[in-house]
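Structure, as structure tokens:
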Amino acid sequence: MNGRLLVFGGTTEARELLRRGVPAICCVATGYGAKLLDGLENVRVLAGRLDETAMEELIRVENVTHVIDATHPYALEVTKNVRRACARAGVKLLRVTRAKTPLFGDVTAVATPEEAAALLDDGDEKVLLAVGSKELPAFAGVSRAKERLFARVLPTSDVIAQCEALGYDAGHLIAMQGPFSAAMNEQMLEATGAAVLVTKDGGASGGTEEKLRAAQNRGARVILIGRGDEEGATVDEALLWLRREMKLECPPLFPMLLPLEGKKALLIGGGPVALRRAQTLKSCGADVRAVAVSFCEGWDGFDAVVREWRESDLDGAVLAVAATDSREQNRLIAAAAKKRGVPVSVADNAAEGSFYFPALIHCGAAAVSASTGGLDPALTRRLADRLREIWPGIVAEELHRKEENRR
Ligand SMILES: C[C@@]1(CC(=O)O)c2cc3[nH]c(cc4nc(cc5[nH]c(cc(n2)[C@H]1CCC(=O)O)[C@@](C)(CC(=O)O)[C@@H]5CCC(=O)O)C(CC(=O)O)=C4CCC(=O)O)c(CCC(=O)O)c3CC(=O)O
Ligand SMILES: NC(=O)C1=CN([C@@H]2O[C@H](COP(=O)(O)OP(=O)(O)OC[C@H]3O[C@@H](n4cnc5c(N)ncnc54)[C@H](O)[C@@H]3O)[C@@H](O)[C@H]2O)C=CC1
């Protein structure tokens with residue numbers, strides 16, 4: 001292992017990452033967050049909120065080399081501080097954040113809690129606020145707040161005390177830890193009589209889809225406080241990044257062997273990378289179909305369709321390869337394939353696919369596949385080329401020996 005990792009965040013993403021066995025120091029805001037990380041070997045947990053200076057100090061004292069910011073998507077201030085502390089200490093930083101939820105139903109998106117409060121001002125409907133206790137003060141000025149607003153918060157004594165101080169009585173508080181199922185959200189909307197649900201986009205682990213679904217089922221409106229355009233890596237991407245950066249231990253991929261003869265394999269992209277893979281798939285007997293806006297030299301003899309890809313290209317495919325030169329297109333291809341249950345490999349982002357494209361070394365049916373688990377594709381290439389030099393000899397020798405024994 002090279003270097004030392006510091007993770008910020010007691011989020012689901014931080015826990016998932018640390019559960020994969022990455023040694024680290026992990027900073028969480030609260031004692032409760034610390035408890036959720038109990039029992040993880042190789043992880044030292046520090047509880048408490050640090051400012052920028054304290055973060056920088058920690059990085060230096062602990063000889064940290066790599067930082068992952070997996071704090072909550074709405075913890076904007078912390079994220080800003082982490083970024084500055086890392087820049088000042090000169091260490092590498094990766095932001096991990098959950099994907100935004102695709103919206104459906106009657107949803108009004110706003111940028112801030114204040115904007116959400118302004119939308120509630122002149123109505124008289126009851127409102128369920130599932131925004132986190134920190135944002136409740138923004139709603140204090142809403143007309144007839146005491147009767148109309150119901151707050152759903154975490155059941156800790158300080159949070160409840162804070163709600164009481166803001167004027168919420170026991171009849172207007174739901175104190176319970178989420179995330180909640182759609183059915184439970186629906187019951188809470190029903191019990192409070194709320195016609196409006198105000199929430200944030202906490203992504204999949206925050207149960208956002210279940211909130212939208214409940215509101216839709218009850219005919220309630222949703223006001224969604226958005227979170228800007230921040231981009232971040234997924235947990236899988238972060239894990240691969242760390243393994244590459246810090247040379248962490250990594251188990252091998254499982255080289256599952258698929259019969260492809262006569263089966264449709266879809267390639268999207270017509271450059272040299274797609275072509276190399278098309279040749280590999282063809283050597284396995286697959287019916288290769290390639291779709292691309294333009295094709296490089298060498299595609300003669302392939303079923304090559306010149307146009308932009310579309311979702312229906314995936315129909316009947318047993319596997320797909322996303323090898324366009326556009327990050328965004330490759331991401332969309334991966335999402336579409338996964339949605340349909342078609343295994344997909346992504347040429348420019350190893351961790352985004354559901355399988356890794358192997359180097360194939362074969363003499364007839366005697367095959368070997370090479371991989372470095374996505375850690376170092378150029379090394380994979382060199383390993384494969386060396387195996388290609390010796391593999392035919394090994395296969396011939398063994399077949400010959402078998403013949404000899406038979407005589
Ligand atoms: C994750 C994966 C994709 C997947 O699963 O779909 C992936 C990803 C990436 N490759 C990159 C670069 C290169 N890849 C090669 C070669 C091969 N790469 C192949 C597979 C895979 N490559 C999968 C995991 C493999 C594993 O587990 O080890 C092989 C085996 C199969 C094939 O592609 O046919 C083939 C050997 C073929 C053979 O010998 O048979 C070379 C060498 C060369 O081209 O000569 C370079 C140039 C390196 C340089 O320039 O130094 C980059 C950076 C791109 C960038 O920076 O722009 C990414 C992106 C990323 O890492 O995220
Ligand atoms: N895994 C690997 O071995 C390697 C992967 N890469 C990555 O692979 C990707 C492809 O590399 P190259 O083949 O060199 O690229 P390229 O630039 O030669 O080809 C890109 C292809 O994508 C097609 N394309 C773009 N948008 C499309 C759309 N909407 N619909 C259909 N087709 C579309 C283009 O028409 C073109 O055929 C790049 O993202 C590169 O970063 C690069 C080197 C090695």
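Bear in mind that the values in this text are calculations on the coordinates, not laboratory data. What you see is a predicted model; the values in this text were computed from it and never measured. So basically every Cβ, Gly included, is an ideal-geometry build from the backbone, and we count neighbours across all protein chains shown.
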Sequence-separation-based contact order of segment 264-357, relative, with Cα cut under 8 Å and 6+ spacing, percent: 27 percent
Tilt relative to the chain, helix 377-406 - C-alpha long axis, 0 to 90 degrees, to 10: 50 degrees
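Could the peptides 325-335, 250-260 be put in order, highest first, of the mean number of other beta-carbon atoms found within 10 Å of their residues?
Working: 325-335: 16.4, 250-260: 11.5.
Descending packing order for the listed peptides: 325-335, 250-260.
For segment 264-357, what is the Kirkwood hydrodynamic radius in Å, using each pair of distinct C-alpha atoms?
Numbers: mean 1/r = 0.0786 Å⁻¹.
Answer for segment 264-357: a Kirkwood hydrodynamic radius of 12.7 Å.
Report the gain in length on full extension from Glu62 to Leu253: 0.36 nm times residue separation, minus Cα-Cα distance, nm rounded to one decimal. Don't skip to the answer; put the middle values down first.
Values: separation 191, 0.36 × 191 = 68.76 nm, distance 3.29 nm.
This chain segment gains 65.5 nm when fully extended.
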Principal-axis tilt of helix 272-283 within the chain, Cα atoms, nearest 10 degrees: 60 degrees
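Expressed in nm to one decimal, what extension gain is obtained for the pair Arg44 and Asp122 from 0.36 nm per residue of sequence separation less their Cα-Cα distance? Please report the intermediate quantities before stating the final value.
Values: separation 78, 0.36 × 78 = 28.08 nm, distance 4.98 nm.
In short, 23.1 nm is gained.
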Label zone at Ala165, where the point sits 7 Å out along the Cα-to-Cβ direction: segment 35-57 residues whose backbone N lies under 18 Å: 49
Surrounding net charge for Leu40, when Lys and Arg each add one and Asp and Glu each subtract one, Cβ distance under 15 Å: +1
Segment 329-403-segment 171-243 distance, computed between alpha-carbon centres (Å): 40 Å
In degrees, nearest ten, helix 76-89 long axis to first principal axis of the chain (Cα): 50 degrees
Tensor-based shape of segment 220-322 (alpha-carbon gyration tensor, a/c under 1.5 rounded, otherwise prolate or oblate): oblate
Percent breakdown of C-alpha pair distances by 10 Å bin, ordered from the shortest bin, for segment 107-225: 14, 52, 33, 1
Above-threshold pairs, the threshold being 22 Å between Cα atoms, out of Lys126/Lys211; Lys100/Lys211; Lys35/Lys100: Lys35/Lys100
Inter-centroid distance (Cα atoms) of segment 26-100 relative to segment 106-154, Å: 30 Å
Those residues of segment 320-348 whose amide nitrogen sits under 15 Å from the label point placed on Ala367, 7 Å along Cα→Cβ: 320
